[in-house]
1. If one computes the Cα centroid of region A:375-453 and of region C:52-77, what distance in Å separates the two points?
2. Under unit Cβ charges (Lys, Arg +1; Asp, Glu -1), what dipole magnitude, rounded to 20 debye, does region A:143-265 have relative to its Cα centre?
3. Kindly provide the Kirkwood hydrodynamic radius of region A:686-734 in Å, to one decimal, from all pairs of distinct alpha carbon atoms.
4. Over all residues in A:697-709, what is the mean tally of Cβ atoms on other chains that come within 10 Å of each residue's Cβ?
5. Could you tell me the accessible area of A:MET357 in Å² (1.4 Å probe, neighbours in place), rounded to the nearest ten?
6. Please find, in a Gaussian network model of chain B (springs between Cα atoms separated by less than 10 Å), the residue of B:LEU177, B:LEU99, B:LEU90 whose mean-square fluctuation is greatest.
7. What per residue convex hull volume, in Å³, do the alpha-carbon atoms of chain A yield?
8. Heavy atoms only, 1.4 Å probe, whole protein assembly: order C:PHE270, A:PHE400 by accessible area, highest first.
Amino acid sequence: MVNADCIVLMGGNMAEAHPVGFGWVTDAIARGSRVIHVDPRFTRTSAVSDRHIGIRAGTDIVLLGGLINHVLTHELYFREYVVAYTNAATMLSEDYRDTEDLDGLFSGYDEEQARYDNSTWAYADAEGRSTTTYGDAARDETLTDPRTVLQTLKRHFARYTPEMVARSCGITPEEFAYLADSIVENSGRERTTCFGYATGWTQHTMGAQIIRTAAILQLLMGNVGRPGSGIMALRGHASIQGSTDIPTLFNLLPGYLPMPSVGVHDTWTDYLDAIASTEQKGYWADRENYVVSLLKAWFGDAATAENDWCYDYLPRLDGPAGTYQTTVEMLEGNVDGYFVLGQNPAVGSANGRQQRMAMSHLKWLVVRDLNMIESATWWLDGPEIASGELRTEEIATEVFFMPAATHVEKSGSFTQTQRLLQWRHQALAPPGQAESDLDFFLELGARIRARLAGSDDPRDRPLLDLTWDYPNDAEGKPDPEAVLREINGFYVGGPRDGEPLEAYTQMRADGSTAGGCWIYTGVYAGGVNQASRRVPHGGDSPNQHEWGWAWPADRRILYNRASADPEGRPWSERKKLVWWDADQGIWTGLDSPDFPLDRAPGARPDADAVGPAALTGDDPFIMQSDGKGWLFAPKGMVDGPLPTHYEPQESPVANALYPLQQAPTRVTFPRTDNLDAPSAGAPGSDVYPYIFTTYRLTEHHTAGGMSRWSPFLSELQPQMFCEVSPALAAERGLVNGGWATIVSARAAIEARVLVTDRMRPLIVDGRPVHQVGLPYHWGVGTQAVVSGDAANDLVGVTLDPNTQIQESKVATCDVVAGRRPRGRALVDLVTDYQQRAGVTVDTDNERPIQKHFDNTEAGDSGAHG
Amino acid sequence: MSTSDYDQFRPPEPERRRRRGFGGGKRRRGGSTARVPADSMVPEVEFTSYYGRNVVKPPPWEWPVALYLFTGGVAGASGVLAAGAQIAGLPVLRRNTRLAALAAVGVSGAALVADLGRPERALNMLRTFKVTSPMSVGSWILTAFSAPTSLAAVAELPIPLGRLRKVVDVLQGPAGLAAGAFGPPLAGYTAVLLADTAIPTWNGARQHLPFVFVSSASLAASGLAMITTPSDETGPARRLAVLGVVGDLVAMRVMEAHMDPVVVEPLHEGKPGKLLHLSERLAIAGGIGALFARRRWVAVASGLALMAASACTRFGVFEAGLESAKDPRYTVVPQRRRLEERRRRGEVDDSITTVE
Amino acid sequence: MGDPRTEVGWPTVEPRKGFFTDTSICIGCKACEVACKEWNHNPQDGDLELTGWSYDNTQALGASTWRHVAFVEQSREQLVAARRSGQALVELGMPTVRSDDAAPDNAAGDVTPPDTDEFRWLMASDVCKHCTHAGCLDVCPTGALFRTEFGSVVVQADVCNGCGTCVAGCPFGVVQRRDDGTVGTASRGYDVPNRHVAQKCTLCYDRLLDDGVPACAKTCPTTSIKFGDRDELVDDARRRVAAMHAEGRTEARLYGANPYDGVGGTGSIFLLLDEPEVYGLPPDPRVCTADLPQMWRRAGAAMAGMAVAAAVSFVMGRR
Ligand SMILES: Nc1nc2c(c(=O)[nH]1)N[C@H]1C(S)=C(S)[C@@H](COP(=O)(O)OP(=O)(O)OC[C@H]3O[C@@H](n4cnc5c(=O)[nH]c(N)nc54)[C@H](O)[C@@H]3O)O[C@H]1N2
Ligand SMILES: Nc1nc2c(c(=O)[nH]1)N[C@H]1C(S)=C(S)[C@@H](COP(=O)(O)OP(=O)(O)OC[C@H]3O[C@@H](n4cnc5c(=O)[nH]c(N)nc54)[C@H](O)[C@@H]3O)O[C@H]1N2
Ligand code: SF4
Ligand code: SF4
Ligand code: SF4
Ligand code: SF4
Ligand code: SF4
Ligand SMILES: [Mo]
């Protein structure tokens, strides 16, 4: 980011949520970069930006689409880059129908299942027929054919005009022009613009599509793979990147390999074919090497070619098993036990009441945490106890609390948002009975295996065949470095038996290698923990290679082949990164080149080449099946090949772009404990007239388990508050420092009031729209230094179908002055509102329930996601 | 505080502390810029202050310090009276003023110890001698005064001292004179103690506060002497009382006239204002009484009035200073004014704010 | 110009240390506040109630808060006024700090004001100024406050007797006696150190002795807090303010960089974006002891007057 000439922070509040990373932005500012913050609120990020642009929550696609339209209409995109490196020139199948043709739907919509069949979102071969062999796709490098991706894009975004931006987002044409000019002036050969986003984009039913819109814009401007370019996912918890790489997600295996599903991945070959075709270009074609090595790492000698490397030991999904689906299952009585580890769902998950009620249906609950968080005490002092909805003596759930060691009390790695693994060394021994999660799980596994020892029940084989032997460190505790070594991978048998692998390209599908996460291979190269490198400032190289280790292959900027022109010369001296050294016949430069090192720029492999060998010398997007950056996504997105604006699940505003109000494929949970307020002027929508959005404060961390227990942090932000504009305060009689009650279709909470000009009403479609700001760090309990009502009690559960992330960044509410009622009266208040608004389970949900989830293509979109 | 339909369900609200008030408490004095209606939003910071928060901090001094100002004055001036009586040969006056000095200095010591957060470290005051610290200088003055005063007072007491009595008798003369010499410093240094601070009203009074304090000490000690001592020996004390009253009234007026018009306000307002007003009237009454205090009851009444006047002066000045420290107006406005004045005069090189 | 350390007998081998806090790049994260508390074992302050003062809930520097971040929300008019007052400083002829070193010539020429925002949000991290002429230190009767070899002003807790004189002596309202540092919950038995003792920033004396950097500066993610040799910091600060003026951001100004100001310049200097009082800083502080000789003279006169009055009273006879 420090190399960017313009930084657009949008859908994130970087200075508050990533203050340390923001140091790079500060440096960029010092070098003269322009920083623009687009956010519903004026935040601490806005305070140090050149400009803050207020936006109505949930309308980012309109703004970004407007920018795309602007650069396409005025021919302001980076043409050479676009033609050579993106699929702009690729022809689309005649079967494809755009939202322009189908009133807001793409071709392939199945109304019954509320999902898309993506087979028509296809490239065309020379005859105009759909093809899935991307190498065969026809191209028109003049970009004039109406069926080229670029022309399709033009038509698709034509209605995203500055006027539409003003009408929908509440952004004035002057603000729009400033943003557009800033990006255009700071893109091209000499300059780059970078985007930074976080949950202001992801926590929407359209979250993944918002990011796609930004990706399209950045590809058009030539801002991918170059210094100071890109779209930075400013991710969350210290190692949240690590926990997608080696996932805590239900639908992924390490290295973005999909979790097998019933009916889709029944056999080993089904599974491999679903990940990628061996025919395709790029590194996914070698997926078998990765999966076999993974299974060898897990099941050791038990994994053989004969038993498909124990593929059938892997459980199969029979449907989405995300947090919220599991919650519903709990409520239905289908879940017996629940481990809550490193999260605080009673406070941090949407529709908090539903979460707590669900836990009250469990037989047992294990909470492993640093502190006695609300998820461990809801049965004693939770809001439902206060309201009388639950009675402690009637709750049958047995709750176990196990103290966990903190990050300074154990060694291990964090993978941060730049994919950089950084090793931490233990500083202190954990206090009392606290132990690390690694110790806990190894011990738990060991005990279960001991119980099963000698069993000949085949269902116990997977557990008994696991490799479960890790050496102890000096203190007699399992050595975390041994785990890292296994993740890195090693040779099995042969002359180099046991030696660590250096690169994933050394992995083989014949059982001669094992490795826990292919993209991490190299982190233990040479038997050295590369993640623990800590040369100040990363050493001499501009990309700081001697600090930590970035996957893959210690590459600091992905797709960096794109930093050079098709002939392999840097686009400009100012923005040089990697280039082709013709004398040596090798790619070289300041970063580890993200390209086959010896593939000359002009190389044109044979038509029958596959995998990495098939990449031409100017195919920088080496993980894509056609080597190009995807303006149009023929697969990977379940809700459309191009981004399209739909309104949030709850919105006071009608969709100005299409007749469809909400996203057709969003995941909903129409239940009486998850009601939605009427939208867009429907009867009763005036009962919940305001938009609210939820967010973080620097002073606290997420659901508060680590910050609300610290007096030093608690004193900095001691109480739950809401932020409102002076105009809204006047409308509702709110007083700075006083109390307000905020009511949604799910719950009512109270908060202190901050009346501030930082919240500005927007003029949307000619009328003022008020947005209420709610930090989500507080929860009701008695153990923390500070506690308070939880914003998440207000939030409903509706999900992005790509990511299963809840829409916690926008919903509607009412605000009244004063504190909320206590006890039963609180429930009555919520019910009273629901009745006045005439809310039912059908409100906002008039379409088939989306039961399907789709992960068959997670691989392609995920690896560099 | 806002109200709503659900108020009846509210838990009782905790008392709001004034410091935390959202305009509910004392109205903040505004700066020069227009203010947003109080309470309607995050208070826009006025031109002059940060949410009305004080700039300087009042010292953590409570009534014992004000009492000390008073008793220190009484002690010092009593020491002076005692020395005078010693020289003039007024034995009753000498005895009574010596004893008064001892008592007053005793109360002072107790007050000082009571005020220190850590009384066990009271002696740390004598670790060092610092001219820059009136507190240090004062501690030494107090010590230098107390020792001879004690000796001189002991000499007056009919207590069996055995062989020591001889020594005491020999030393009491010089001791009395020494106490007399340290009397004015004891009575006056406290003015410097207060003035040599960043507390606006005290510091603003630095030119004349010593005159007020020595006058006040004089009239108080004289008043005490008028109470304890028959009129036939209190002539000098009564004259000193009158001079003290005149000095007090004049010094106070001159002091106020020379102070910044804003910084002087706390001396006129609120409790300190009342105290100082009362002090003035008591002093006048006591002074007039002293002129005619041949009669015992008049003497006693005047003496009480004078003592009370002095106490009121000390408590008034003391509290006015604390008040001035609690409101940023008293720090900011005068500083702004003097800064602007210097700038008008072309003195622009001594500002803490610079652009280069 | 006087080095406060030679005055107390330190051989000035080390450059004087200080802070340059550039508030224009502060993001109000309060990491400095927390780092300071952690390092110095300072207890929680206050009563865990929201103040309603924007995002500031700790309100002021004090015995248990040695770094404090101020938050000020301002309208466009206030920004314009600040720009004007900063411009006025230039017009007054200040850069004429009576300075021996030539001021870098800049700022002159075309000064195009940048876009004026509708609204701005100021954040500034305040700290003890480590004054060249420190009122607190001067008035301390016990010598508990002393000048270190780094030029900082530090309280020795084992010498301090809690008299509180320093509190009144500080023109910036920094030092305070710790009377009631309170720590939140019953479950946590933090020990509150140094009760009834004057407390303030030590410029991390302990860390400096180990060649370290103060905890607050080390933590600051944006380098808003810069620690180093004071002279160099002053140069940096001057360059920064000149650069900002050149951009038309004339609201920028330095605080504490002038050795001829009322406290002889401060060890901690600041770049502010408005008048000092907006941040709760005094606009024209003056160390009280600058007037002390005069005060002693006046007091001497008063004492003499008292002696004379007494003499006169006695001379006039016993009745
Ligand atoms: N101090 C601190 N740092 C943290 C965390 C923490 O709790 N505390 N949490 C960590 C975690 S887990 C995460 S995921 C990250 C999250 O980091 P961020 O996503 O940056 O944090 P948020 O505050 O949730 O949301 C960011 C901003 O999105 C804005 N916003 C809301 N809706 C919209 C919208 O529709 N469009 C746009 N453009 N903006 C919108 C909000 O006003 C808010 O300012 O932070 C990480 N860092
Ligand atoms: N309304 C609303 N809701 C949101 C969001 C939002 O922006 N708005 N953001 C969402 C996002 S992005 C996130 S990430 C979630 C976060 O929500 P959660 O993950 O539910 O909440 P956390 O408070 O981060 O929970 C982490 C817990 O892990 C504990 N912990 C820390 N270290 C360890 C360890 O080493 N081992 C163990 N076992 N425990 C440890 C901490 O004490 C803490 O209690 O909230 C989501 N919910
Ligand atoms: S808490 Fe940790 S991860 Fe978050 S900004 Fe601070 S240093 Fe970075
Ligand atoms: S700012 Fe106050 S406490 Fe700090 S050195 Fe100066 S006078 Fe002393
Ligand atoms: S409180 Fe302590 S540091 Fe302050 S002046 Fe008194 S003795 Fe000195
Ligand atoms: S220098 Fe040290 S003591 Fe002073 S504010 Fe910074 S961290 Fe606190
Ligand atoms: S740590 Fe730095 S950026 Fe954060 S509040 Fe303190 S001075 Fe500002
Ligand atoms: Mo997150």
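The values are calculated or read from the model by the stated rules, or taken from the named source; none is laboratory data. Bear in mind that the values here come from a model prediction, so they are computed numbers and not experimental data. Reconstructed Cβ throughout: ideal geometry from the backbone, glycine too, with neighbour counts over all protein chains shown. SASA here: full protein model, heavy atoms, side chains in, ligands and nucleic acids out. Shrake-Rupley method; radii C 1.70, N 1.55, O 1.52, S 1.80 Å.
1. 37
2. Values: 10 positive and 8 negative charges, 67 e Å.
In total the dipole reaches around 320 debye.
3. Details: mean 1/r = 0.0771 Å⁻¹.
Roughly 13.0 Å, rounded to one decimal.
4. Working: counts 3, 6, 8, 0, 0, 0, 0, 0, 0, 0, 0, 0, 4.
For peptide A:697-709, the averaged partner shielding equals 2.
5. Rounded to the nearest 10, that gives 40 Å².
6. B:LEU90
7. Details: hull volume 141.0 nm³, N = 865.
Spelled out: Cα convex hull of chain A, divided by residues, is 163 Å³.
8. On the way: C:PHE270 5, A:PHE400 80 Å².
Descending accessible area places them as A:PHE400, C:PHE270.
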